[in-house]
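J.: My structure is below; once you've seen it, I'll send some questions.
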Amino acid sequence: MPVYITNRMYLPRDGVERVLEYIGGAEPLDFNAVQPMPRDLTGQEGRDWRSAFWGTEENAVHAELMGNILTFQTADTPPLGWLKEVSKQFPQYEFTLDWFYDDLPEWYQCVVCGGTVQYINGV
């Protein structure tokens, strides 16, 4: 059973609409809009593919957009693979992602730009 973590993705204020259009919207947030999982993958193969390409075994749940902050949950790990792909399409922007595990007291944070991740806190 996965442990769900809360993610906060900060979209560039001057590019919110463009980024949302590219990722297929915020509610619901579907990582397949950026990196479609092959339809023939199921079970463990599907989980392995999602982990390798999205950075998390399951799609986002409970997504909500407030201003330029997109909050959502993922299973076990943040979707860094997916966010790297998003950032490659918008190399002029930096995307900040915060995440936390319910049972741990601290937040983790990274900045992703042009497909490169820079960890700021906790990792």
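J.: With respect to the numbered conditions (1) surrounded by fewer than 17 Cβ atoms within 10 Å (Cβ to Cβ); (2) in contact (Cβ under 8 Å) with a residue 12 or more places away in the chain; (3) more than 13 Å from the chain's Cα centre (by Cα), which one is the sole condition not fulfilled by VAL61?
T.: Just one mismatch for VAL61, condition (3).
Here's the yes/no breakdown for (1) crowded, with 16+ Cβ neighbours inside 10 Å; (2) in contact with a strand residue (DSSP E or B) (Cβ under 7 Å, 6 or more places away or on another chain); (3) of a type outside the set (A, V, I, L, M, F, W, C):
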{"site": "ILE5", "(1), (2), (3)": "yes, yes, no"}
{"site": "ARG8", "(1), (2), (3)": "yes, yes, yes"}
{"site": "GLU27", "(1), (2), (3)": "no, yes, yes"}
{"site": "SER51", "(1), (2), (3)": "yes, no, yes"}
{"site": "GLU57", "(1), (2), (3)": "yes, yes, yes"}
{"site": "LEU70", "(1), (2), (3)": "yes, yes, no"}
{"site": "TRP82", "(1), (2), (3)": "yes, no, no"}
{"site": "PHE90", "(1), (2), (3)": "yes, no, no"}
{"site": "ASP98", "(1), (2), (3)": "yes, yes, yes"}
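J.: Are there any pairs, at least 6 apart or on different chains, whose C-beta atoms fall under 8 Å, with the first in segment 89-116 and in a loop (DSSP other than H, G, I, E, B) and the second among the aliphatic types (A, V, I, L, M), and if so, which?
T.: PHE90/VAL19; TYR93/VAL19; GLU94/VAL111; GLU94/VAL112; ASP102/VAL3; ASP102/ILE5; ASP103/VAL3
J.: Report whether or not LEU65 is in contact with a strand residue (DSSP E or B) (Cβ under 7 Å, 6 or more places away or on another chain), not in a loop (DSSP other than H, G, I, E, B) and not aromatic (Phe, Trp, Tyr).
T.: Answer is no for this residue.
Values quoted throughout were computed directly from the atomic coordinates according to the rules given, and no laboratory measurement underlies them. Here the structure is a predicted model, which is why all the values come from computation and not from measurement. Don't worry about glycine lacking a Cβ; one is built from the backbone with ideal geometry, like all the others, and counts go over all protein chains shown.
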